[in-house]
1. For the chain, what does -39500 (n - 2.57) per DSSP helix run (n ≥ 4), summed and divided by total residues, give at 222 nm, in deg cm²/dmol to the nearest 500?
2. What residues qualify as long-range amide H neighbours of ALA39, i.e. H under 5 Å apart, gap of 5 or more or another chain, H built at 1.01 Å from N?
3. Using Cα-Cα distances under 8 Å and only pairs 6 or more residues apart, what relative contact order does the chain have, in percent?
4. Could you pull out every one of the lysines with an alpha carbon less than 22 Å from that of LYS318, ignoring same-chain neighbours closer than 8 positions?
5. Give the long-range amide H neighbours of GLU289: residues separated by 5 or more places, or on another chain, with amide H under 5 Å away, using H modelled in the peptide plane at 1.01 Å from N.
6. Can you check what the net charge comes to around ILE174, using other residues whose Cβ is under 10 Å from the Cβ of ILE174 (Lys, Arg +1; Asp, Glu -1)?
7. Could you order PHE41, PHE94, PHE344, PHE70 by accessible surface area, starting with the largest, using a probe radius of 1.4 Å?
8. Pairing the Cα long axis of helix 432-445 with the longest principal axis of the chain, what angle in degrees results, from 0 to 90 and rounded to the nearest 10?
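The values are calculated or read from the model by the stated rules, or taken from the named source; none is laboratory data. Note that the structure is a prediction, hence the values are computed from the model and not measured. Cβ: placed from backbone, ideal geometry, glycine included. Neighbour counts: every protein chain shown. Each accessible area value is taken on the protein alone, full model and side chains, heavy atoms only, with ligands, DNA and RNA left out. Shrake-Rupley method; radii C 1.70, N 1.55, O 1.52, S 1.80 Å.
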Amino acid sequence: MVTPPEISVAARSKYEPVIGLEVHVQLLTVTKIFCSCSARFGATPNTHVCPVCLGHPGALPVLNRKAVEFAVLAAMALNCQVNRTSVFARKNYFYPDLPKGYQISQYDKPLAEFGAIHIASASGPKKIGITRLHLEEDAGKSLHEGFPDSSEKTAIDLNRSGVPLIEIVSEPEIGSPDEAYEYLTRMKEIILYTGVSDCNMEEGSLRCDANVSVRTRGETQFGTKTEIKNVNSFRFIRDALEYEIGRQIGVLESGGKITQETRLYNSAEGKTYSMRSKEEAHDYRYFPEPDLLPLVVDEKWREEIRRSLPELPEARRKRMVADYAITDYDADVLTASRTLADEFELAAKAAKSPKRVANLVQSELMGRLKAKNLEIADSPISMKGVALSADLVEAGTISGKMLKDLYDLSFERNQDFPAVYEQEKPQQITDTAAIEKIIDGIITANPKQVGQYRAGKKTVIGFFVGQVMKASKGHANPQIVNALLVKKLEP
Ligand SMILES: [Zn+2]
């Protein structure tokens, strides 16, 4: 991260930042919000278009029911109050990728309001209010590169024009760049759990604008804010805010004034730059969209949608800790995605020791998946396999070392654990005489450690177990090894 402008610690501590975030999330509907064109990302430019999303005069929008259901589901997951009646409005502005000359959005009567996200902050748990969540259509996309004449011309792709979005506006209650990062992380996690968006920032299905101002501590009035637009990762948003807060304090400390303006973040330099000032700012002249009826989500429909609300991450973590006797940390890792949590629970239910499954998934499975850059859904080892392997270790049939080897083989051969186990059936040495022979050799070779053990340093037994397991290439039955060692090491 680039260091923000040089501000003394004393100057910095005089001020507190006030941050509000506006997040746009693309909904995963099959078709667009007001026409039946495909909403899929990545098609050849201008192939998913029709008179409605091209903004031809006289073409009439028809609201996509699924988009409403997804938006309501997201609103419920974010603890919002869903309004029975909301109204679509025209937001008028000119832009080359907005052929109608206006965007259909919602203004004074949004779909949902008064939500909240719970985050962890430096001073403990904190609740960040959500002012509103509304539905709107996306605009097209201006392409400034990728064509032979890109240096002179801008190309327009209208495939994205009319793709459904929700805009989620937070209260100005975020007190630091770290809190902003945490808020966004929690929001993305919740939205992903609902399944209404893939929240893919690279493809633009989650975009964030940040409003930030500073004021002297204890002051209740807001300072003049600037808006940072189109930052494409949570980390960059944190860095951009850090820089911008430093910049604003620097301006105020040197007797200057903050100009209300929109700024762009340059991630390569770690700095924000002025894009347009308030004088040029838009006046959108909102008015109710005459081609659409008010949107009514009655109680019956709301309840129908509520039934498809999944268990959300926070609640799920609490339940998993209670159900499987795992730690808070385990639950955090294992609920990172809904699929991972689902998969873990399948294995945890099938195995004798859920805690062992939690350990195996985190230490043996996720490490190997990461090394091969695979998602949990593409794992060669199924959760049935994880459950079986956990039970085999639990029963002492295979050692931890054998398990590691078998997992390696599963990944090498792209075969599930039960199949690899059947083929390999690693033979554990349970023959006491054979193990005794190994132990005798090791005791003879390590008189110093034997002395330590006999002098009362019982932890040295770990050393001997390790040596025996090594000598047996991990095949000696650990329980037998332990028992025999204790017997043999006694003076
Ligand atoms: Zn269309």
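1. -12000 deg cm²/dmol
2. When sequence neighbours closer than 5 places are left aside, the close amide H contacts are THR31, LYS32.
3. Answer for the chain is 15 percent.
4. Within the straight-line limit of under 22 Å, LYS318 reaches these lysines: LYS126, LYS127, LYS188, LYS349, LYS352, LYS355.
5. PHE88, ALA89, ARG90
6. -4
7. Details: PHE41 100, PHE94 170, PHE344 0, PHE70 35 Å².
In descending accessible area the options line up as PHE94, PHE41, PHE70, PHE344.
8. 90 degrees
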